[in-house]
1. All but one of (1) out of contact with any helix residue (DSSP H, G or I) (no Cβ under 6 Å at 6 or more places or on another chain); (2) surrounded by 14 or more Cβ atoms within 10 Å (Cβ to Cβ) hold for N477; which doesn't?
2. State yes or no: is E254 assigned by TED's automatic domain parsing to the domain that holds K158, surrounded by fewer than 15 Cβ atoms within 10 Å (Cβ to Cβ) and either outside any strand (DSSP E or B) or within 25 Å of the chain's Cα centre (by Cα) (or both)?
3. Which of the helices (runs of 4 or more DSSP H) found entirely inside segment 112-228 contain at least 1 residues meeting this: over 30 Å from T264 (Cβ atoms) and either of a type in the set (G, A, S) or out of contact with any helix residue (DSSP H, G or I) (no Cβ under 9 Å at 6 or more places or on another chain) (or both)?
4. Just checking, does segment 305-318 include any residue being in a strand (DSSP E or B), under 11 Å from the mean Cα position of the chain (by Cα) and either buried (at least 16 other Cβ atoms within 10 Å of the Cβ) or at pLDDT 95 or above (or both)?
5. Looking at (1) of a type outside the set (D, E, K, R); (2) crowded, with 16+ Cβ neighbours inside 10 Å; (3) in contact (Cβ under 8 Å) with a residue 24 or more places away in the chain, find the lone condition where L537 falls short.
6. How many of the residues in segment 105-136 are under 17 Å from I42 (Cβ atoms) and within 22 Å of the chain's Cα centre (by Cα)?
7. Looking at R28 and the list (1) part of a helix (DSSP H, G or I); (2) at pLDDT below 95, which single condition is not satisfied?
8. May I ask you to verify whether E129 is within 30 Å of Y312 (Cβ to Cβ) and exposed (fewer than 15 other Cβ atoms within 10 Å of the Cβ)?
Amino acid sequence: MGAHEAKTHEAKTQATHWADIYADKIIREKGEKELYVCASGITPSGTIHIGNFREIISVDLVARALKRKGKNVRFIYSWDDYDVFRKVPANMPEQERLKTYLRKPITLTPDPTGTEKSYARKNEREVEELLPIVGVHPDYIYQADKYRNSAYAEEIRKALEHRETIRNTLNEHRTSPLPADWWPISIFCLACDRDTTKIEDWDGQWKLTYTCDSCGHNETVDIRSSPGVKLLWRIDWPMRWAYQRVDFEPAGKEHHSAGGSFDTARKIVKQVYNFEAPTTFKYDFIGIKGRGGKISSSAGEVVGLGEVLKIYQPEVVRYMFTSTRPNSEFSISFDLDVIKLYEDYDRCERIYYDREKVSEKRKDRERRIYELSQIESVLSHMPTQIPFRHLCNLLQSNDGSIDRVLQYLKIDSRDEDLDRIRRRAGCALNWINAYAPEDFRFSLRPSDSAPLKVTVLEEKALALFRDELEKNLDNHNEKSISLIIYSTAKEAGIDPKDFFKLVYRVLINKEKGPRLAGFLLTINKERILKLLKLISL
């Protein structure tokens, strides 16, 4: 492809993917800027699950689309670790101990595993260590540090000055109005760290007086120096849009419902902070196939990114989200659909490298999906493709040894695709051991197992088959082995269906398994011959 053709192709494909469409929308709505800020964030109140990851990867994809258009982009990820600890997730250890920290900030709640300095930090670090694996590198902002260092003092005072405006805006979408003594802030008691405080007075400047309902402590604090004053989240969110100059931030459909938090935040950021709300879209929920309902961190009903990466290689994880529009609900599968998803990704890869022909329209779409699915940049060569199903069969034929499979595939340490192949093989092995249906699993009979009882006719058929394989297995392919299986059954006077079952029983002690002809080519010749002899009348 020449330079002119490449530019023409890029111009055609830039708007074929939803991430490119939203990048264009951001530029159109926000105008030309030296820097575009794309934002995401969450409260680390429990395990950060794959549903949360949908927002993270959506922002990453749009940020990449902006960069492709030559724009400078900053992707910020806010850890709302100064939020209150409201509920102990069911999947956390030391439940009773954690309950004693309810109503305190999660950043001041201890890590029940004892590995991190706080409960919040444990949940944060798990994600921060995983995101680079899938090619996501945001700038992290820790809101506890911001609030405890009074970085938002000016913004808090503005909210207090516009208290009635904010209350009226929130009341527009409430069935029961907020009371007259409502405040847009909460205060963590400096004596017991809980947010069970009542604001008694504000001097109109910087000082607030509060009383704690839990411990009875009473104090007057200065917003400019007190670590305990925090905006309520419906005000905190729009405040940070203005403070961080956010141009784009998506949100879940519950936030985008009519009169929901995005609607009120859009008004508050304009009324109080004189800033326009960011360009946005709503994304839908993610389910786990075979499990109903919405994923919930607080309830402990979660599947984290780490668990998904045990089954799906990083590029395929990205592909799941890249190939699905954000407003479409879908489920992460751990059943046989895993094989199909790998096949879909491999097909997309072949289309990208012109190894599979499709229409120009589909080619443009698949090429862009493939580009955005890569961890960093697209390789100059098409990676070596080992189908996931084939890997599963090879692993089971080789007692789960990845090294033996690589040896069979003639892939050595000099192969530039070794790491990617080894990772996929690891995912395949994890899937076999943890999730594969029972009828998909198999293992070769141990060479020291008891001989398999067969009839005289079956012994004759196996002897004929064994002799043929001993002489000519190295010269056979799948097609010729299939012909040999049928001709052997005919010569021995056995129904071919029964002969297939017999060979499977001899090899894996089951009556069915992977496609037999191809399967025989993946097993060590000596081992096949030993198993075919391991019979008795």
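The values are calculated or read from the model by the stated rules, or taken from the named source; none is laboratory data. Since we're looking at a predicted model, the values are computed, not measured. Here the Cβ positions follow ideal geometry from the backbone for every residue, glycine too, while neighbour counts run over all protein chains shown.
1. Of the numbered conditions (1) out of contact with any helix residue (DSSP H, G or I) (no Cβ under 6 Å at 6 or more places or on another chain); (2) surrounded by 14 or more Cβ atoms within 10 Å (Cβ to Cβ), the odd one out for N477 is (2).
2. Here the answer is yes, as E254 does meet what is asked.
3. Of the helices (runs of 4 or more DSSP H) lying wholly inside segment 112-228, those with at least 1 residues that are over 30 Å from T264 (Cβ atoms) and either of a type in the set (G, A, S) or out of contact with any helix residue (DSSP H, G or I) (no Cβ under 9 Å at 6 or more places or on another chain) (or both) span 119-130.
4. no
5. The single condition L537 does not satisfy is (2).
6. Total satisfying the criteria: 15.
7. Only one criterion in (1) part of a helix (DSSP H, G or I); (2) at pLDDT below 95 is unmet by R28, namely (2).
8. So E129 passes the test.
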